[in-house]
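Student: Questions regarding the structure given below will be posed in turn.
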Amino acid sequence: MTALRRIAQALAIPVVLLLAVTLQLALVNRAPLPGGAAPDLVLLAVAAIAVCTGPMTGMLAGFCGGLALDIAPPAAHLAGEYALVFCLVGYACGRARNAITYATGEQTMITSLTVMALGVAAGEAGKAALGMMLSNPDVTSPAVKHVLPVAIVYDLLLCPFAYWLVSLVLRRPAPERAPRPEFAQVATAFRAASAGALGAVPALRLAGSTPPPARPPARHEPKLRLSAGRPSSLSGTSAAFSPAKPPHVSGRAVKLNFAEHKAGTAVPQPRQRTSPGKGWLRARPAAGAPVLKHRPPPKGWLRAGRPAGTAPLRRRSPGKGWLRGARPAATPAMRSGSPPKGWLHAGRPGRPGRPAGTPALSRKSPARGWLRPAKPVPPARRKTPGRGWLRPARPAKLSWYAKSPGSQWVRRSHSPWSSRRRRLLALVGVRR
Amino acid sequence: MHDGRRTRPVLIVLLIAAIALITLDFRDAGSSPAHAVGADVFGPVERTASAVASPFESLFRTASGRDSSEIASLQKQNDQLRAQLAQSQVTTQEQAQLSQLLHLTNASHYRVVAATVIAAGGAYSDTVTIDVGTRAGITTNETVLNGDGLVGTVTAAAGSSATVQLATDAAATTGVRMDGTNEIGAVTGTGSTLGAVQQLKLTLFSATAVLQPGQTVVTFGSVGGRPYVPGVPVGTVTQVTSQPGALTQTALVQPFADFTGLGVVGVVVSK
């Protein structure tokens, strides 16, 4: 079923491109539009495809669509011009979309449209620039001066429509902003749990912990579930918590299990860490006092503003395969990785199509290991917190909620040694 | 579908392919086999699309002052008659001169093949595709006209479609003669340089010729009627733009043909 859908999607892209080329040549170019210029439907389609899929598909679509425009009969420019420009536009749009999703952890319609608009404008300018460079007699500077602004305006006007149409065809739901988890409150709860103040945490049902009957999740999407130490106790945990009820306290300690949905997959051992995480406590300046308060979180603090299933479904991992679950070697990183955005929101139970816990594992989540209660903060240190004992060794490794994330943070948000190790392994030819 | 590390090599390969295509086409001056392949592939597609889109087209043409498909057949007939009229507009004296000059024996050398515009080029180029090709006897460098006047010339012909470069294209230059004074000159398309205004630029070769608004411009003709047959009306002079002291006289010419609403055109092929 998934394979069929994928094939249908892969077939939809050429159909969209062919439709765009045909419409462009037979209809749009002939329409006496005011301003003496016309929108470029192919460029719009390429940008929308790139934004909806990624750089690889985007640049392939750009090359093919541009080449079709180059060689379809009334073309007066050199073959390959538009292929070059559209290929670059598709690649750039896909890359920019991925980079933004990578940095912010979510894909909103606004960012997609912005990327698309910039790409389309750059594509129009690139067409004009390449034509002038190749001394096309039609593309002179007065002609460009007349045509380019009008064409860009038309393209920008059609941008949302093209995006909507392509995302409809590619069956990608229009991405909505996933609600940001209240990490301060969540951290309070778990810190309290780890410190033994409350004794336990509310038995939570994590979104996506129940596998839907219709469509099993993709193989490399790790499932996240919070259980009472038993990896297979799905039913108990899922029934325990309903979003309307206030979180009740049970006497069990919490454990976090990251397991493949296959039963035979061995669960690797958690990596032992000596500290709870990179400065995860820094968000609270008075670190010691509020932890021990027995104040329960406000009622309904776990209720999702929006169902977590509406978070963008990402088919691939956000970065260089750092979380790809299919590879066994990536599993330690995954285990120590933070939970995905929206994991705490109670998924809509009656939603069959999509597992709600599959949104992107984002970089916006807290630093790794913040949830692990195995090694709580040593009480001795907590009694006498010296000055600056919580300050991390390197200020560049701050967590996102401790400080507003800068570009440095994006680059350093996970250990540099993982990429170094991967590069080294690739150098000596070891394939994982 | 993983957009991972393979992206960049593929991008480089695609860019190299595009640059290679550009280079080949540049070497062949825009007539590389890629265009022929494209014409064979996309010609039928465009024909189908044009048939599907004909309601919209008639809508456009209604919007721009033309009317529906019932007129099309009449217009076809009319175009042929008008073309013959355009041929016979040349007076007998001029005809004698021209035939002496151009080795034309008589004007019945030509026949007109009616065609329909099925696609148009992009914002910068003024080119259209017509639905007849080499199977109908169309070859390159043949005059295209419609009921109003000169449209352009065929620049590429495939089996069932041909590409026409309009007279307004910035790369198109047509030899013309002033009706009445017989001064010769050339009109060049302005492309998109004037925005949406479709006008031609006339340059007279004689510095002493009198150029006035309202004068009619007809084609001068080429050897063997290629790319332009003589006597096809082009347009009227609207504005004389020559600078004082300039060696040549220049003017803007409003073409007779409506280039934004082209429907049925005729291609003048030699018998």
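Student: Under 9 Å by Cβ, and 6 or more places apart or on different chains, what pairs join a residue from region A:1-24 that is closer than 19 Å to B:G38 by Cβ with one that is among the hydroxyl-bearing types (S, T, Y)?
Tutor: Final answer for the pair search is A:T22/B:T48.
Student: If you don't mind, there's one more thing I want to ask. Within region A:71-78, is there a residue that is farther than 17 Å from A:C159 by Cα and in a helix (DSSP H, G or I)?
Tutor: Within region A:71-78, one or more residues are farther than 17 Å from A:C159 by Cα and in a helix (DSSP H, G or I).
Student: Between a first residue in region B:11-26 that is more than 7 Å from every other protein chain (Cβ to nearest Cβ) and buried (at least 18 other Cβ atoms within 10 Å of the Cβ) and a second residue that is modelled with pLDDT of 90 or more and not in a helix (DSSP H, G or I), which pairs have beta carbons less than 7 Å apart while being 6 or more apart in sequence or on different chains?
Tutor: As it stands, the answer is none, since no pair meets every condition given.
Student: To continue, here is another question. Among the residues that make up region A:83-90, is at least one of them touching a residue at least 40 places away in the same chain (Cβ under 8 Å), part of a helix (DSSP H, G or I) and more than 10 Å from every other protein chain (Cβ to nearest Cβ)?
Tutor: Among the residues of region A:83-90, at least one is touching a residue at least 40 places away in the same chain (Cβ under 8 Å), part of a helix (DSSP H, G or I) and more than 10 Å from every other protein chain (Cβ to nearest Cβ), which makes the answer yes.
Student: Here is a follow-up. So if I check each of A:C87, A:C93, A:C64, which one is under 23 Å from A:A10 (Cβ atoms), open to solvent by 10 Å² or more (accessible area, probe 1.4 Å) and not basic (K, R)?
Tutor: Residue meeting the stated conditions: A:C64.
Student: Could you please give the count of residues in region B:241-264 that are surrounded by fewer than 17 Cβ atoms within 10 Å (Cβ to Cβ) and modelled with pLDDT of 85 or more?
Tutor: The number of residues fulfilling the criteria is 1.
Student: Hey, could you check region B:117-136 for residues that are more than 7 Å from chain A (Cβ to nearest Cβ) and touching a Lys or Arg at 6+ places or on another chain (Cβ under 9 Å) and say which is surrounded by the fewest Cβ atoms within 10 Å (Cβ to Cβ)?
Tutor: B:D131
Student: Let me ask something else about it. What residue, of A:A151, A:A117, is modelled with pLDDT of 90 or more, within 14 Å of chain B (Cβ to nearest Cβ) and either open to solvent by 40 Å² or more (accessible area, probe 1.4 Å) or assigned to a helix (DSSP H, G or I) (or both)?
Tutor: So the residue among A:A151, A:A117 that is modelled with pLDDT of 90 or more, within 14 Å of chain B (Cβ to nearest Cβ) and either open to solvent by 40 Å² or more (accessible area, probe 1.4 Å) or assigned to a helix (DSSP H, G or I) (or both) is A:A151.
Let's see how each residue does on (1) at the interface with another protein chain (Cβ under 7 Å from one of its Cβ atoms); (2) on the phi < 0 side of the Ramachandran plot; (3) touching an Asp or Glu at 6+ places or on another chain (Cβ under 9 Å):
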position: A:T22; (1), (2), (3): yes, yes, yes
position: A:A26; (1), (2), (3): yes, yes, yes
position: A:G36; (1), (2), (3): yes, no, no
position: A:V42; (1), (2), (3): no, yes, no
position: A:A45; (1), (2), (3): no, yes, no
position: A:V51; (1), (2), (3): no, yes, no
position: A:G58; (1), (2), (3): no, yes, yes
position: A:G65; (1), (2), (3): no, yes, no
position: A:L69; (1), (2), (3): no, yes, yes
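Student: Same structure, new question: Taking the criterion of being surrounded by fewer than 20 Cβ atoms within 10 Å (Cβ to Cβ) and aromatic (F, W, Y), would at least one residue in region A:156-176 satisfy it?
Tutor: Scanning region A:156-176 turns up at least one residue that is surrounded by fewer than 20 Cβ atoms within 10 Å (Cβ to Cβ) and aromatic (F, W, Y).
Student: From the list B:T153, B:T181, B:T174, pick out the single residue that is within 14 Å of chain A (Cβ to nearest Cβ) and either of a type outside the set (A, V, I, L, M) or free of Cβ contacts under 8 Å to residues at least 60 places away in the same chain (or both).
Tutor: Matching residue, one of B:T153, B:T181, B:T174: B:T153.
Student: Hey, another quick one. Farther than 28 Å from B:A114 by Cβ and in contact with a helix residue (DSSP H, G or I) (Cβ under 7 Å, 6 or more places away or on another chain): does that describe B:S192?
Tutor: In short, yes.
Student: Then there's this: Can you pull out every residue in region B:142-165 that is within 17 Å of B:D258 (Cβ to Cβ) and open to solvent by less than 10 Å² (accessible area, probe 1.4 Å)?
Tutor: Within region B:142-165, B:V144, B:L145, B:G149, B:L150, B:V151, B:G152, B:V164 qualify.
Student: Could you check region B:169-205 and list, in sequence order, the residues that are buried (at least 16 other Cβ atoms within 10 Å of the Cβ) and at pLDDT below 85?
Tutor: Residues satisfying the conditions are B:D179, B:G191, B:S192, B:T193, B:L194, B:G195, B:Q198.
Student: Still on this structure: How many residues does region A:98-114 hold that are within 12 Å of chain B (Cβ to nearest Cβ) and open to solvent by 10 Å² or more (accessible area, probe 1.4 Å)?
Tutor: 3
The values are calculated or read from the model by the stated rules, or taken from the named source; none is laboratory data. None of these values were measured; they are calculated from a predicted model. Cβ atoms come from the backbone with ideal geometry, glycine included; neighbour counts cover every protein chain shown. SASA here: full protein model, heavy atoms, side chains in, ligands and nucleic acids out. Shrake-Rupley method; radii C 1.70, N 1.55, O 1.52, S 1.80 Å.
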